[in-house]
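Colleague: Structure below; questions to follow.
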Amino acid sequence: MTEADVERAQMGESAYERLRQRAYEFVLRKGGCVSEHDLIAHVFGSVGSLRIWQPLLRQVLGGDERLVMQADGRWTLRHSPIQEQLDFPVDFIAIDVETTGLRPARQRIIEIGAVRYHDGRPVERFSLLINPERHVPQYITKLTGIRDLDLLEAPIFSRIAGQLLAFLGDAVLVGYNVGFDLAFLNLELRRAGWPPLANPTIDVLPLVRQLQPTIGRWGLDDACRAFGLSRETRHRALADAEATAELYLALRAKLWTSMLPSSLSHVNQNGRYGYVTAIEAVGRGRAVLDRSFLAQAPERPGVYIMRDAQGRVLYVGKARNVRRRLSSYYSQPLGYTRKMDGLLESIADIEVIETGSELLALLLESQLIRRYTPPYNTQQRNHERYPYIKVELGNPWPRVYLTRYRDDDGAFYAGPFHSSTAARATVELLHKVFPLRTCPRSFRTLRSYGSPCLALSLGRCLGPCVGRADREHYHTMIQQVIAFLRGENQGVIDRLHQQIAAAVARQDFEQAARLRDLLRSAELLVRAQRTLDAAAARAPTVVITRSVDPGSRAFLLILHGRLWAIVHCSLNDTDEEVAARLQRAYERGCAAKAMPLAQDELDTFWILERWIAAHAGSPAIIQLPASPDWLALVQHGRSLPDAVVAGDGKPATAFDDDEELAAAELEDETPR
């Protein structure tokens, strides 16, 4: 071999070594496992035909002892980069908590479950309900079955903190997404004056991700099903702790046989136990999100649309600063969170639409959610399910019930409402106060009469089907129901308070608590209806906000509580042109027949109502007189500073989930 041949061989080997290092760093950054397709795209910068690139990739990496190709075509690290390996113990405590929500600083623990295992077998259990000293949200009750009534006699956390710490001792704690449980426990301990837990911990979630990467969703139920473990009770602390322990032991057996690296916590320089860094890349959004998504993101208000590889819209979000919001996803934990379970792993593309202001971003987000119904948007997605409360006035003996359809049939309709639970509770309350019929009889044929139902014998109906009811008295009650739904009848509330007092007097505390909850839901729903009615009767309003281009404006025309038109005004438009467009939109709106608010308009309605309430007194919100001076209005809007029309410094009116949306609608709050 000539000297030139040797030099060419050395240059080729040097190029191969650079490609090997590039491949190794990519696999390491992706958490130790990537598909061959992705590895080819990263190493060679192109994919094209896999049949062309596969042999070359395998030739390049064939001499690299750090990487190995699995039978399914994925490339993985041959050895863990962690030098310190610790055994998976068979003596440990599995732990789980149930809470009133997801945020430790704002929510509280309502149940603790822990099971001590010795040699892989349960030997002792710790299970307690905890009084959170606050209301348990409805969605938590629906999820766990734990009610406010169940917690009335339960101890507060500070009284059992010492008992819990004695049980835990210095044992290894095993949990599913254990950081969530520890965050709540440590904050509760701090409130009670105790030091935080310093126990070593094992998080089962990343182990599941490592051993079962194809599950797709990473809840405890999904993981148990993947390993063939059956569950009877869900979302209760002790049952979830036991399920986590069984899952951990199954994982332990599989880990020993497959010789995968341990993910047990290791001692850091401070002597505390921290989470192993080998799973950090897998456990955060940065492991699966392309950094190029941030290149197109402006540091201004807008909407972002997340899509999967097939182009399906997964999630629509809005932000005052889109780039900052998208950046936050890179540090989000993957997997087991109620809102983002599996979302980040599925994102193939993110589209950004700049809007100019947060209000326009809110409105566009709502419109896109209705259009695409993304699976990860838990609110505003099913507007057709928003219920009405109907009083069928066309029937000789009117009935009060929930419906999802509004017809032009002469009936009285209250709503629509976001919260089906609150609407259903209100109807139940009305039937407890008024002995109205609940049967679907038409009372237009002879067959509608006779054969009374059980409600008559229980005193819950006046019995119009058997001729016992007085028509005038019955219709008086119906008018009282309508007045109550409009917020005009305090008598219903007074009668319910009397029923609550009577239940307490006979020591029927469960019934008293039920009536109290019904009353609370009904009062909030009535307040929402009052807001609907007040907005429909309000004078036409114009909200001025920023548009996309610097110095541009958007004029939002609101008629009868609904958004009628948005007129954008660029720097090139004259005042007269914009005024003419506004006037034409206003005249069309006034000429149109006034229609009740529809279900698909409800989300937009509440966005505007919250914005107007949060920015009351702003010069960017103008109620129109009978004969508006459109030119003066446009000149006024264009003269306002950007900070004023953007609503800077005011709270946003976004909602994080269905329950917060319903609560904000009913309680007149403004979440972050």
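The values are calculated or read from the model by the stated rules, or taken from the named source; none is laboratory data. Everything numeric here is computed off the predicted structure, so don't read it as measured data. In this analysis, Cβ positions are derived from the backbone assuming ideal geometry, glycine residues included, and neighbour counts consider all displayed protein chains.
Colleague: Determine the pairs where a residue that is surrounded by fewer than 16 Cβ atoms within 10 Å (Cβ to Cβ), located within the stretch 515-539, has a partner that is outside any helix (DSSP H, G or I) and of a type in the set (Asp, Glu) with Cβ atoms under 8 Å apart, the partner being 6 or more residues away or on another chain.
Modeller: 527/668
Colleague: Right, something else. What number of residues within the stretch 25-40 satisfy the criterion of being modelled with pLDDT under 75 and under 14 Å from residue 210 (Cα atoms)? Don't jump to the end; show me each part of the working.
Modeller: Of all residues in the stretch 25-40, those modelled with pLDDT under 75 come to 28-33.
If we keep only those that are under 14 Å from residue 210 (Cα atoms) as well, we get 28, 30-33.
The total comes to 5.
Colleague: For residue 433, indicate whether it is under 27 Å from residue 473 (Cα atoms), touching a helix residue (DSSP H, G or I) at 6+ places or on another chain (Cβ under 7 Å) and modelled with pLDDT of 90 or more. Outline the logic, then answer.
Modeller: Values: under 27 Å from residue 473 (Cα atoms): yes; touching a helix residue (DSSP H, G or I) at 6+ places or on another chain (Cβ under 7 Å): yes; modelled with pLDDT of 90 or more: no.
It is false that residue 433 is under 27 Å from residue 473 (Cα atoms), touching a helix residue (DSSP H, G or I) at 6+ places or on another chain (Cβ under 7 Å) and modelled with pLDDT of 90 or more.
Colleague: Can you tell me which residue is farthest from residue 530 (Cα to Cα) among those in the stretch 468-488 that are surrounded by 14 or more Cβ atoms within 10 Å (Cβ to Cβ) and within 35 Å of the chain's Cα centre (by Cα)?
Modeller: By that ranking, first place goes to 481.
Colleague: With 198, 237, 245 as the choices, which residue is in contact (Cβ under 8 Å) with a residue 40 or more places away in the chain and surrounded by fewer than 17 Cβ atoms within 10 Å (Cβ to Cβ)? Explain how you work it out, then say what you get.
Modeller: Numbers: 237 fails: surrounded by fewer than 17 Cβ atoms within 10 Å (Cβ to Cβ); 245 fails: surrounded by fewer than 17 Cβ atoms within 10 Å (Cβ to Cβ).
So the residue among 198, 237, 245 that is in contact (Cβ under 8 Å) with a residue 40 or more places away in the chain and surrounded by fewer than 17 Cβ atoms within 10 Å (Cβ to Cβ) is 198.
Colleague: So in the stretch 48-75, with the set limited to residues that are over 26 Å from residue 210 (Cβ atoms) and in a loop (DSSP other than H, G, I, E, B), which one is modelled with the highest pLDDT?
Modeller: Across the stretch 48-75, the extreme among qualifying residues is 63.
Colleague: If we keep just the residues of the stretch 547-589 that are assigned to a loop (DSSP other than H, G, I, E, B) and aliphatic (A, V, I, L, M), which is surrounded by the most Cβ atoms within 10 Å (Cβ to Cβ)?
Modeller: To start, the set of residues in the stretch 547-589 that are assigned to a loop (DSSP other than H, G, I, E, B) comprises 547-552, 560-561, 570-574.
Those left that are additionally aliphatic (A, V, I, L, M): 548, 571.
Numbers: 548: 18, 571: 10.
Result: 548.
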